[in-house]
Amino acid sequence: MTLAMYDISAVVDKDLLQGEVRDDLTIMVGGQGGDGSLTIIALLSKALLNRGYSIYRTSNIASRIKGGHAAAFMRASTETRNCLGDKIDFLIAFDTEAVQKASAQLAANSVVVFDSSREALPPGLVPETALFVPVPFSRLAVRVLRQDLFKNSLGFGLVGRIIGLPDEEVE
């Protein structure tokens, strides 16, 4: 089941779901190991490569057998860029720690999508000019797809929509 098949507009502003295509975009996805941060970046990279973007990817993974914080980053650009951008334009955070780690690097007009299933985000971590979108990914994954494991699928579908990818390209 994709976001196209599930009406997420009850928790996300419909205008945001119209998407905005950009020429240059730096994205971070962060959460605990196993949340799907690396998977979302891998899927976004493939979708944007298919659209002709140049992709630069990197990750920061705790060296633990199980658990620990993981973050994946990518820059998608219509020009070849061999580094991340100066600021993070789009953050998908599966936990508060991801927002804490990214907060100093968030662009003023960034989009921050936060998994609000377990906790509210403490005030002051996201710039006032940023668009903050709390989405209960874990709760939706359990309710709709019957497993918390699929929250990364919902995250991928939502970020695809927001950055202007057609539903067919994120299914």
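Taken together, the values in this text are just the output of simple stated rules run on the coordinates, not laboratory data. A quick note: this is a predicted structure, and the numbers were derived from the prediction, not measured. Positions of Cβ are backbone-derived with ideal geometry, glycine not excepted, and every protein chain shown enters the neighbour counts.
Multiplying each eigenvalue of the alpha-carbon gyration tensor of the stretch 25-142 by 5 and taking the square root yields semi-axes of 22, 18, 13 Å, largest first, rounded to whole angstroms. Of the peptides 102-110, 80-88, the order by per-residue mean of other Cβ atoms within 10 Å, starting with the highest, comes out as 102-110, 80-88. By DSSP, the beta bridges lying fully in the stretch 44-110 are antiparallel in about 90 percent of cases.
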